[in-house]
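**Q** So that we are looking at the same thing, I have put the structure below in structure tokens.
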């Protein structure tokens, strides 16, 4: 039986995500990191770690956004996923998640805290099912969705990509 995106959405009970695609939180550490142990930008305590399932279909994208923590992406199922990370020096790193190292694909990649990033299924693919682990744990107070014009101004060499992957 070939597993489809809709199969995984149903089986894993995924719901629509604000940045695009579908997700479900599957882990939130009970261990709390005190605000005093975190950089001042956090402003409050956070779980030590969180993780989600995340799925994108071929016609979807995860819009450029950033968070205050490192985010480790893990490939599970489907087709390769491209994660675009805008670096502070103005460059763009393309992480290729997938299960074929001979094609330059990785099972994991890390997006650094504070980096703008977006993702989409590699051209020709149907869907990608991945996981994302965040430490310190994810909190929507740490989430910022990019403003298209402001991001394009900050990263002029990537205006076309930014236009494609923002709303």
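The values are calculated or read from the model by the stated rules, or taken from the named source; none is laboratory data. Here the structure is a predicted model, which is why all the values come from computation and not from measurement. Don't worry about glycine lacking a Cβ; one is built from the backbone with ideal geometry, like all the others, and counts go over all protein chains shown.
**Q** Taking only pairs six or more apart or across chains, which ones have beta-carbon atoms under 9 Å, a first residue in the stretch 116-145 that is on the phi > 0 side of the Ramachandran plot, and a second residue that is crowded, with 18+ Cβ neighbours inside 10 Å?
**A** Once the first residue is on the phi > 0 side of the Ramachandran plot and sits in the stretch 116-145, its partners that are crowded, with 18+ Cβ neighbours inside 10 Å give 124/79.
**Q** Within the bounds of the stretch 84-104, is there any residue that is under 12 Å from the mean Cα position of the chain (by Cα), surrounded by 17 or more Cβ atoms within 10 Å (Cβ to Cβ), at pLDDT 95 or above and not in a strand (DSSP E or B)? Break it down into steps so the answer makes sense when it comes.
**A** First pass over the stretch 84-104, keeping only residues under 12 Å from the mean Cα position of the chain (by Cα): 84-85, 95, 97.
When the remaining residues are screened for being surrounded by 17 or more Cβ atoms within 10 Å (Cβ to Cβ), the result is 84-85, 95, 97.
Then drop every residue that is not at pLDDT 95 or above, which leaves 84-85, 95, 97.
From what's left, not in a strand (DSSP E or B): none.
Taking every residue of the stretch 84-104 in turn, none turns out to be under 12 Å from the mean Cα position of the chain (by Cα), surrounded by 17 or more Cβ atoms within 10 Å (Cβ to Cβ), at pLDDT 95 or above and not in a strand (DSSP E or B).
**Q** Could you say which residue among 124, 131 is assigned to a loop (DSSP other than H, G, I, E, B) and either closer than 20 Å to residue 65 by Cβ or out of contact with any helix residue (DSSP H, G or I) (no Cβ under 8 Å at 6 or more places or on another chain) (or both)? I'd like the intermediate steps shown before the answer.
**A** Numbers: 131 fails: assigned to a loop (DSSP other than H, G, I, E, B).
Among 124, 131, only 124 is assigned to a loop (DSSP other than H, G, I, E, B) and either closer than 20 Å to residue 65 by Cβ or out of contact with any helix residue (DSSP H, G or I) (no Cβ under 8 Å at 6 or more places or on another chain) (or both).
**Q** Applying the selection to the stretch 138-154, what residues are outside any helix (DSSP H, G or I) and farther than 15 Å from residue 62 by Cβ?
**A** 139, 147
**Q** Being out of contact with any helix residue (DSSP H, G or I) (no Cβ under 8 Å at 6 or more places or on another chain), closer than 16 Å to residue 78 by Cβ and without any contact (Cβ under 8 Å) to a residue 40 or more places away in the chain is the filter here, so list the residues in the stretch 6-22 that pass it. Show your work before the answer.
**A** Quick first cut of the stretch 6-22, residues out of contact with any helix residue (DSSP H, G or I) (no Cβ under 8 Å at 6 or more places or on another chain) only: 6-13, 15-21.
When the remaining residues are screened for being closer than 16 Å to residue 78 by Cβ, the result is 6-12, 20-21.
Listed by number, the residues that qualify are 6, 7, 10, 11.
**Q** Residue by residue through the stretch 28-50, note down the ones that are out of contact with any helix residue (DSSP H, G or I) (no Cβ under 7 Å at 6 or more places or on another chain), surrounded by fewer than 20 Cβ atoms within 10 Å (Cβ to Cβ) and either under 20 Å from residue 85 (Cα atoms) or in contact (Cβ under 8 Å) with a residue 60 or more places away in the chain (or both). Don't jump to the end; show me each part of the working.
**A** Here is the first cut: in the stretch 28-50, the ones out of contact with any helix residue (DSSP H, G or I) (no Cβ under 7 Å at 6 or more places or on another chain) are 28-41, 46-50.
Narrowing further to those that are surrounded by fewer than 20 Cβ atoms within 10 Å (Cβ to Cβ): 28-41, 47-49.
The answer is 28, 29, 33, 38, 47, 48, 49.
**Q** Output the residue which, of all residues in the stretch 124-146 that are over 29 Å from residue 28 (Cα atoms) and in contact with a strand residue (DSSP E or B) (Cβ under 9 Å, 6 or more places away or on another chain), is surrounded by the fewest Cβ atoms within 10 Å (Cβ to Cβ).
**A** Initial filter on the stretch 124-146 (over 29 Å from residue 28 (Cα atoms)): 124-126.
Within this subset, residues satisfying the condition of being in contact with a strand residue (DSSP E or B) (Cβ under 9 Å, 6 or more places away or on another chain) are 125-126.
Values: 125: 17, 126: 13.
Top of the filtered list is 126.
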